[in-house]
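The values are calculated or read from the model by the stated rules, or taken from the named source; none is laboratory data. Treat the numbers as computed from the prediction; the structure is a model and nothing was measured. Heads up, the Cβs are rebuilt from the backbone with ideal geometry, glycines too, and the neighbour counts pull from every protein chain shown.
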């Protein structure tokens, strides 16, 4: 959601940004962000390729920041002028780097590692980036994160057996809790009015509840929700 109350779709395989006006129901696209071809067919063309960005965050600058998944730069959308640009160079052999981002209280954006071994910190004002943390080469680690009332960010375990607590202030990332092994557990999370975070079940047959105050994690709803089949997530995000 932009500062003009319009909704913007982040281009993953699309070649442009989607704009939806919920008042007038008008839909348009803008920007030229390259074609969705396989890397072998791109010949080094800018933004060409599959799975460019996944997830967007409204920055304090009034611009929307797209989180690099396979892209090698950060996407910046200006909803007021319809300008679309990128900044930064991400040199990484990892394709599926980050999924979704979270705005910290410090005005910086934190991209959540999917296959990437580090957290990406994006400064939307200075257009600079930094990384921190060391999470290894495990694939599909977390799917998104949530900012809690305590100012820290908590990651939602997809394949990882851990919930990670990110402190933007200290630029640290530590294990908060262990949730057990298994692929495709939860996908995205939501902060409820009770201050707890709830993970949305992808293949899991339960709901993940993260209580940042008591520092406990439980999963409930066993036997009520159906489990999912591999590569067939039931729900993604909330």
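Looking only at residues in segment 162-183 that are at pLDDT 95 or above and assigned to a loop (DSSP other than H, G, I, E, B), which one is nearest to residue 233 (Cα to Cα)?
Result: 179.
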Checklist entry - Is it the case that segment 38-54 has a residue that's modelled with pLDDT under 95, under 20 Å from the mean Cα position of the chain (by Cα) and surrounded by fewer than 17 Cβ atoms within 10 Å (Cβ to Cβ)? => result yes
Checklist entry - Can you spot a residue in segment 148-161 that is at pLDDT 95 or above, surrounded by fewer than 21 Cβ atoms within 10 Å (Cβ to Cβ) and either part of a strand (DSSP E or B) or in contact with a helix residue (DSSP H, G or I) (Cβ under 9 Å, 6 or more places away or on another chain) (or both)? => result no
Checklist entry - Which residue pairs have Cβ atoms under 6 Å apart, sit 6 or more places apart or on different chains, and have a first residue in segment 43-64 that is over 15 Å from residue 96 (Cα atoms) and a second that is assigned to a loop (DSSP other than H, G, I, E, B) and modelled with pLDDT of 95 or more? => result 56/10; 59/124; 60/107; 61/124; 62/3
Checklist entry - When only residues in segment 197-214 that are within 23 Å of the chain's Cα centre (by Cα) and surrounded by fewer than 17 Cβ atoms within 10 Å (Cβ to Cβ) count, which is nearest to residue 178 (Cα to Cα)? => result 211
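Against the condition in contact with a strand residue (DSSP E or B) (Cβ under 8 Å, 6 or more places away or on another chain), modelled with pLDDT of 80 or more, assigned by TED's automatic domain parsing to the domain that holds residue 64 and in a loop (DSSP other than H, G, I, E, B), how does residue 33 come out, does it pass?
Yes, satisfied.
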